[in-house]
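Peer 1: Encoded as structure tokens, here's the structure I'll be asking about.
Derivation of every value follows stated rules applied to the coordinates shown; laboratory data play no part. None of the values given here were measured: they were computed from a predicted structure. We place every Cβ from the backbone using ideal geometry, glycine too, and count neighbours over all the protein chains shown.
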């Protein structure tokens, strides 16, 4: 109807302007072209956002830390058959911490992707000029930082309460980085599966439990039957724990662990996991685009 | 001039787990000029969202190409996505646990923007949204309309020349929808953005868009300027609104009116205690005769206005026409198939 009210008059005026040739209206500025130089900033931006989101779940982080403590104390008492075997704690603690890193890396990767798909922010992330794998890597960094803070506080409490001695050695840093590289590569495999199948909790749980019992955190891998030991050696973190114990608890140098082949095996293992994880994630992402699954939950 | 959006032979076929292919978009061709505001209309499942997602590069086409300001989305994705900002259908699009300020900075940096220029732009957008004072509050504490405005601001923070808005008022109350609509108008009028708008609110499309593309079952069934589409159903008529109930034959009894050519073309409908008399607008003289006849009934005249067709009527008309055409085509195919089967049987 053409009944004239003040509102419709304003709308009619708008239509007049809209009806004008597009070139007669204000021309938009061309966007600033973003190149590869912006990628590190985009990666750090994702890390920053991940930290902000983690901080918004403060209560959850605290609960996670308490759970982590109770499980560890329970396991240590179980291993000592009701007693606290202080001599066995550092080795078990090192393995347990690595397992905790694996736990958060795997579960957070699937949880984050699923949540972002549900809320539609995942599709918005795909509108970035940077590769999505790189953005996901930024999110993994934030996860690594958050986990390190939890692990650091937890270890500090154990050191103060139980008098556990865990030597700090610089040589542990490259071993830790390599272990995390393999671990997050594995996380990318799970992330890729999340993009396609959405509900991958049972797969993530299976892997987390396998890691707890088979990665040598509490039971040395060489005591396992051969067939099971082969599986255990292929899991992420197993080789990292072996090398980490040698370097941190036995005081071996990096040269020594390189010479005995354990560091070489860790390097190879981590590179393969990272590359395979990245390739699988990329493949799943393409499939998700092809099948229109990115925004679906 | 390079089109802002160039869509060529775009098709998307989804292969479901059952193996049955579903055609979501079929041979779509569309060219959108820079600064144009175009409405993409259609019923649910018409292929609008799939089209928007293919424009964004979020869904890979089965065939065809999309270019944004000349950049091919498939081959030059990194540059192509810098041309667009999008608010997608039915999702939050932003982080509700973060504040409006954090969201704007995050999405700006995600698009490669940085430094003081980004902060100035974020500040300007939040000020225009009247959210500057609440910029540090989590978005989850905002009203739905405000959240949607933050989502639109995030889509604009890198200042893209093309804005894709998929059902931007879906689920909003009247007030919030109006606020968002004003913003879209602002984008179109004062910022020169190319806007692609999908909506079920056809009055909004009629008000904001210069041109609409109507889709049905993945196909484009019409693509015209709004005025051309309205002309399809433009039937020059006057409408007289009268207080009270006017019987169908009330005006036929008037001897003065009975002599005029419109006597047999009058229709009377009733609406909320009012009677609406419609008559062809062919003759001013006949209109005055009609007014006299109404006066003689002793009923109060409320308004006289020229009836304009609505986009909604045109939309329904086009959908029904296409449906009938499809049914006819299907009907023609069926006997042909039956005929072949019969021939085969006879041959056997």
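Peer 1: What angle, in degrees between 0 and 90 and rounded to the nearest 10, separates the Cα long axis of helix A:89-119 from the longest principal axis of the Cα atoms of chain A?
Peer 2: 20 degrees
Peer 1: Cβ neighbours within 10 Å, averaged per peptide: list A:42-51, A:102-111 in order, most packed at the top. Please list the in-between numbers first.
Peer 2: Values: A:42-51: 20.3, A:102-111: 22.9.
Ranking, from highest mean packing down: A:102-111, A:42-51.
Peer 1: Work out the mean other chain Cβ neighbour count within 10 Å for the residues of B:110-122 and drop it here as an integer.
Peer 2: Partner Cβ neighbours, averaged per residue: 4.
Peer 1: Per residue and in cubic angstrom, what volume does the convex hull of the Cα atoms of chain B have?
Peer 2: Residue-normalised Cα hull volume stands at 225 Å³.
Peer 1: If a/c stays under 1.5 just call it rounded; otherwise compare a/b with b/c (prolate if a/b is bigger, oblate if not). Do that for the stretch A:168-297, with a ≥ b ≥ c from the square roots of the Cα gyration tensor eigenvalues.
Peer 2: prolate
Peer 1: Rounded, prolate or oblate for the stretch A:41-288? Axes are the square roots of the Cα gyration tensor eigenvalues, ordered a ≥ b ≥ c, and the cut-off for rounded is a/c under 1.5.
Peer 2: On the way: a/c = 1.77, a/b = 1.45, b/c = 1.22.
The shape class here is prolate.
Peer 1: For a protection proxy built on the mean count of beta-carbon atoms within 10 angstrom, sort A:77-89, A:181-193 highest first, please.
Peer 2: A:181-193, A:77-89
Peer 1: Using every Cα-Cα pair within the protein assembly as shown, state what percent have a distance larger than 34 Å.
Peer 2: Values: 119151 of 207690 pairs.
When all Cα pairs of the protein assembly as shown are counted, 57 percent exceed 34 Å.
Peer 1: Going by Cα centres, the stretch A:67-132 and the stretch B:27-67 are how many Å apart?
Peer 2: Spelled out, the Cα-based centre of one part sits 42 Å from the other.
Peer 1: So what's the Cα pair-distance distribution over the stretch A:117-176, bin width 5 Å, in %?
Peer 2: Here the calculated profile for the stretch A:117-176 is 4, 14, 13, 18, 14, 9, 9, 8, 8, 3, 0.
Peer 1: For the stretch A:225-297, what is the largest minus smallest coordinate of the Cα atoms on each principal axis, given in angstrom and ordered from greatest to least?
Peer 2: Ordered largest first, the stretch A:225-297 gives principal extents of 52, 29, 19 Å.
Peer 1: For the stretch B:235-307, place one equal point scatterer on every Cα, skip the solvent, and apply the Debye formula. What is log10 of I(q)/I(0) at q = 0.21 Å⁻¹?
Peer 2: Here the Debye-derived log intensity ratios amount to -0.84.
Peer 1: By what distance, in whole Å, do the Cα atoms of the stretch A:95-149 stretch along each of the three principal axes, largest value first?
Peer 2: 39, 21, 16 Å, listed from the longest principal axis down.
Peer 1: Bins of 5 Å, beginning at zero and ending with the bin holding the largest distance: percent of Cα pairs per bin for the stretch B:19-126, please.
Peer 2: The percentages, shortest bin first, are 2, 9, 16, 19, 18, 16, 10, 6, 2, 1, 0.
Peer 1: Can you tell me, using C-alpha contacts under 8 Å and at least 6 residues apart, the relative contact order of chain B as a whole percent?
Peer 2: Over chain B, the number comes to 17 percent.
Peer 1: Please build a GNM for chain B, connecting alpha carbons under 10 Å apart, and tell me which residue among B:226, B:302, B:152 fluctuates the most.
Peer 2: B:302
Peer 1: Taking Cα atoms, how many degrees apart are the long axis of helix B:100-110 and the longest axis of chain B, rounded to 10 and kept between 0 and 90?
Peer 2: It is inclined by approximately 70 degrees.
Peer 1: Round to the nearest 10 and give me the degree value, 0 to 90, for the angle of helix B:115-128's Cα axis relative to the longest principal axis of chain B.
Peer 2: The two axes meet at around 30 degrees.
Peer 1: For chain B, modelled as a GNM with alpha-carbon contacts under 10 angstrom, which of B:114, B:75, B:15 fluctuates the most?
Peer 2: Of B:114, B:75, B:15, the Gaussian network model singles out B:15 as fluctuating most.
Peer 1: Looking only at the protein assembly as shown, where both bridge partners belong to it, what percent of the DSSP beta bridges are antiparallel (to the nearest 5)?
Peer 2: 70 percent
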